[in-house]
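These notes concern the structure reproduced below.
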Amino acid sequence: MLKKSSLVVWGAALFVAWNGLLLLFLWSRPSSPGDGARLTAEVIRLAQDAETELERQKELLRQIHRYSELWGRRHRGVRVTPKPSPPPPRLTDAAGTVLPVLVLACDRSTVRRCLDKLLRYRPSAQRFPVIVSQDCGHAETARVIASYGDAVAHIRQPDLSEIPVPAEHRKFQGYYKIARHYRWALGQVFRTFRYRAAIVVEDDLEIAPDFFEYFQAAFPLLLADPSLWCVSAWNDNGKEQMVDATQAELLYRTDFFPGLGWLLLAELWDELEPKWPPAFWDDWMRQPEQRRDRSCVRPEVSRTMTFGRKGVSHGQFFDQYLKFIKLNDRFVPFTQLDLSYLKKEEYERSFLPKVYAAPEVKVEELQGNRRRELSAVRLQYSGRDSFKAFAKALGLMDDLKSGVPRAGYRGIVSFVYRGRRVYLAPPSDWTGYDPSWS
């Protein structure tokens, strides 16, 4: 009984202390012309912060109270199996759903560039809280994150130990640590904080002005269409000369998991967590066993760009592709647009006929800029070797993961070449991806 009383006293003291600090802050503010509006805004912000903090503390007190009861019953010799906390309600609509942004960080103090843009462009701190999960224990990066105060939540991966790896994978130790960090951080978001969905970015990404607008609009699609399993901000072939910046509102379905700023639902984490891989998590996501014939939404013009040349991949692809990715600079009001064309049935009814109605051309005609009267054309490949040859000739990323081309849908890659739309496509009787092409 004494233990429970002390807990109640502790909770009351916490409440009084918090409100006392709030009053002290208000009384100590110097007054000057124009302070009224600023003071009002500050009071509102502090009240919101106080409400959030009190909710957290109430939940903590409930947990302490529950386990103190269990402890007391055990102390009296009663065997008790604690009941797990009930799962949070998972809403079936997008209205008011909080979409946290999970930032995976390690030892880049340039995380400031990422966080500055996230905080500048987010329309609501309540709708889009920012959680920075830091691995590595890098002190300077930790100081940078801490400098944002309550604007971001800073959580730290507790396990910084070396990971035993096969001898042939010693040089890939970093990839093992990244996979471990992802698992822990996503577990925090979905198991501890119990969010409905999350947007995942890494510390070397810069976002576009309509980044949040894009994800807010696409979230209902993810809820409504079980053939989708993610929404990505990234176009793998999004170099400036290969996209139509005048069609920044254009979105696609893709069978290739793009990553680099992506939204997932809690249900997907329920599915992936038990079998999460020890390393190379993004390529693992691209395997048929995980993808299960599902697609992602991706934009014509990327809503993220990477500025992190240095990393575990040692700049692989960066100098040739990634540093040339066009970051969208025009705000598109996605939440006011009808995105139902991206649902599987509607998309295939419109996209596939458009592709196969485009006149077929030879790669030499494209390279020679011939047949300019055609605004959209199709270049047909017949196998792995012809796909890779065409992709290299035209400047596309030519690697395949489990047989799926980057940004491809049903084998089709859409891009711009010398000012016109090109569809690099398999024959119209395409029957599926061949993993042996990888």
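Here is a list: Phe280, Phe318, Phe307, Phe324. Which entry is aromatic (Phe, Trp, Tyr) and at positive phi?
Phe280
If you check every pair at least six apart or on different chains, which have Cβ atoms under 6 Å apart with a residue in the stretch 306-332 that is open to solvent by 50 Å² or more (accessible area, probe 1.4 Å) first and a residue that is modelled with pLDDT under 90 second?
Short answer, once both residue conditions are applied: Arg309/Gly315; Arg309/Phe318.
Select, from Ala279, Ala266, Ala245, the only residue that is among the hydrophobic types (A, V, I, L, M, F, W, C) and over 25 Å from Arg191 (Cα atoms).
Ala245
Test each condition in (1) touching a helix residue (DSSP H, G or I) at 6+ places or on another chain (Cβ under 9 Å); (2) open to solvent by 10 Å² or more (accessible area, probe 1.4 Å) for Ala218 and report the one that comes out false.
Of the numbered conditions (1) touching a helix residue (DSSP H, G or I) at 6+ places or on another chain (Cβ under 9 Å); (2) open to solvent by 10 Å² or more (accessible area, probe 1.4 Å), the odd one out for Ala218 is (2).
Give the residue that is nearest to the chain's Cα centre (by Cα), with candidates limited to residues of the stretch 258-300 that are open to solvent by 10 Å² or more (accessible area, probe 1.4 Å) and among the acidic types (Asp, Glu).
The qualifying residue nearest to the chain's Cα centre (by Cα) is Asp282.
Residues being in a helix (DSSP H, G or I) and either of a type in the set (Gly, Ala, Ser) or at pLDDT below 95 (or both): count how many of those fall in the stretch 341-362.
2
Output the residues belonging to the stretch 231-248 that are open to solvent by 10 Å² or more (accessible area, probe 1.4 Å) and in a strand (DSSP E or B).
Lys239 - this is the single residue of the stretch 231-248 that is open to solvent by 10 Å² or more (accessible area, probe 1.4 Å) and in a strand (DSSP E or B).
The values are calculated or read from the model by the stated rules, or taken from the named source; none is laboratory data. None of these values were measured; they are calculated from a predicted model. Heads up, the Cβs are rebuilt from the backbone with ideal geometry, glycines too, and the neighbour counts pull from every protein chain shown. Surface areas here come from the heavy atoms of the whole protein model, side chains and all, with no ligands, DNA or RNA. Shrake-Rupley method; radii C 1.70, N 1.55, O 1.52, S 1.80 Å.
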